[in-house]
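Here is the structure we will look at.
Where a number appears in this text, it was derived from the coordinates with a stated rule and is not lab data. Keep in mind that this is a model prediction, so the values were computed, not measured. Backbone-built Cβ (ideal geometry, glycine too); neighbour counts: all protein chains shown.
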Amino acid sequence: DAKTTQPNSMESNEEEPVHLPCNHSTISGTDYIHWYRQLPSQGPEYVIHGLTSNVNNRMASLAIAEDRKSSTLILHRATLRDAAVYYCILRDGGSNYKLTFGKGTLLTVNP
Amino acid sequence: EAGVTQFPSHSVIEKGQTVTLRCDPISGHDNLYWYRRVMGKEIKFLLHFVKESKQDESGMPNNRFLAERTGGTYSTLKVQPAELEDSGVYFCASSNTGGETQYFGPGTRLLVL
């Protein structure tokens, strides 16, 4: 499975935007970039995914570099409820649906 | 719409005993997955069902683990006999055809003493 690299931790203030980076220099042409997050004592939760173009949904935006070797998850206005571990995951666009979790980025949101 | 549910939420058993975990996916989801996080490690994939068939069981650690999904609805994961290193959180997830988004349950926290 292609590997991703994320910072171990990041800190943000409430109501401010947060940019969570992810490097995936060995991404293949059929890999989708998925982001999940895990709030304390809960199961992982889908956030967003994309292939080549930037994506927006009600939770976040995903900015994908032109060469696809990196991406950034953007939370436009962080809230205390956004404090979680964020995982950037590459998933093959074929029939292999399994998710390979790394260590993720622990996001702390300060009030 | 009900989410993925798992039972029990917690289980404490002694080494050598048997434990069965249950997962009820979101209604209509053909894909069902099991993952686990053991102490201090990352979340790891165990296996993937499509309806009642095992699509990928490459992550199952050994033959003490048996997963079933009779009838293509709920799934069980049995650990027999349990060992200390099986302690951790077991997550179940489901997705519809296409599998783009996996919906996870809250997990079962297993402690083997």
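General remarks:
- Per residue of B:54-65, other chain Cβ atoms within 10 Å of the residue Cβ number 1 on average.
- Cα convex hull, region B:1-67: 114 Å³ per residue, rounded to a whole number.
- Cα→Cβ-extended label distance, 7 Å offset, between A:Asn110 and B:Glu14, nm: 5.1
- Antiparallel DSSP beta bridges within chain B, as percent of all bridges there, nearest 5: 90
- Kirkwood hydrodynamic radius (C-alpha pairs) into Stokes-Einstein, chain B, 10 °C and 1.306 mPa s, D in µm²/s: 114
- Rounded if a/c under 1.5, otherwise prolate or oblate - region A:1-53, Cα gyration tensor axes: prolate
- Estimated inter-spin distance, A:Ser28 and B:Tyr74, nm [label 7 Å along Cα→Cβ]: 3.8
- Compactness relative to 2.2 N^0.38 Å, alpha carbon Rg of the protein assembly as shown: 1.03
- Look at the stretch B:97-106: the mean tally of other chain Cβ atoms within 10 Å of its residues' Cβ atoms is 5.
- According to the calculation over all Cα-Cα pairs in region A:43-111, the P(r) per 10 Å bin from zero is 17, 49, 30, 4, 0 %.
- Taking chain B and dividing mean pair separation by its residue count, relative contact order in percent (alpha carbons under 8 Å, at least six apart): 37
- Rg(Cα)/(2.2 N^0.38 Å) for region A:6-89, N = residue count: 1.06
- Per-residue shielding of A:32-42, expressed as the average number of other chain Cβ atoms within 10 Å of the residue Cβ, stands at 2.
- Relative contact order, whole percent, for chain A stands at 37, derived from Cα pairs under 8 Å and 6 or more residues apart.
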